[in-house]
1. Would you point out which residue out of Ser18, Ser7, Ser47 is polar (S, T, N, Q), farther than 14 Å from Cys83 by Cβ and in contact with a helix residue (DSSP H, G or I) (Cβ under 6 Å, 6 or more places away or on another chain)?
2. In the range 1-54, which residues are polar (S, T, N, Q) and either free of Cβ contacts under 8 Å to residues at least 24 places away in the same chain or open to solvent by less than 20 Å² (accessible area, probe 1.4 Å) (or both)?
3. In the set Val75, Val41, Val34, which member is touching a helix residue (DSSP H, G or I) at 6+ places or on another chain (Cβ under 9 Å) and not in a helix (DSSP H, G or I)?
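The values are calculated or read from the model by the stated rules, or taken from the named source; none is laboratory data. Every value quoted in this text rests on a predicted model; they were computed, and no experiment measured them. So basically every Cβ, Gly included, is an ideal-geometry build from the backbone, and we count neighbours across all protein chains shown. Protein only, heavy atoms only, side chains kept; ligands, DNA and RNA dropped before computing areas. Shrake-Rupley method; radii C 1.70, N 1.55, O 1.52, S 1.80 Å.
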Amino acid sequence: MGAIGASLFSLMLGAPASEVHAGLWGYNSCLTAVAILTFFVPNRTASGVCCLAVAITVLMDAAMKTATAPIGAAVGTFPFCFCAIVMLLTHDKVPT
């Protein structure tokens, strides 16, 4: 579900369809969704946090790809790492 949500969101943002089809926009978000649902109790609140994390990961991925485009550097899994750590640090602040 993380990859599907990320693919739809990235298409809405105007990402190249060939990159979305290749899975370049869904991989990090899929990892983020798995991380969130592993450490949060699976319920509605965790699902909402998961959707938020997927959206933030796509935005971070887009920002990093734009920032590294002039030098041709790969983004890798940095968007996943950043978003997963930020969301896991908020783990105590989310009710239930």
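1. Details: Ser18 fails: in contact with a helix residue (DSSP H, G or I) (Cβ under 6 Å, 6 or more places away or on another chain); Ser47 fails: in contact with a helix residue (DSSP H, G or I) (Cβ under 6 Å, 6 or more places away or on another chain).
Of the residues listed, the single one that is polar (S, T, N, Q), farther than 14 Å from Cys83 by Cβ and in contact with a helix residue (DSSP H, G or I) (Cβ under 6 Å, 6 or more places away or on another chain) is Ser7.
2. So the first thing to find is which residues in the range 1-54 are polar (S, T, N, Q), and the list is 7, 10, 18, 28-29, 32, 38, 43, 45, 47.
Hits for the range 1-54 are Ser7, Ser10, Ser18, Asn28, Ser29, Thr32, Thr38, Ser47.
3. Working: Val41 fails: touching a helix residue (DSSP H, G or I) at 6+ places or on another chain (Cβ under 9 Å); Val34 fails: not in a helix (DSSP H, G or I).
Only one candidate passes the filter, namely Val75.
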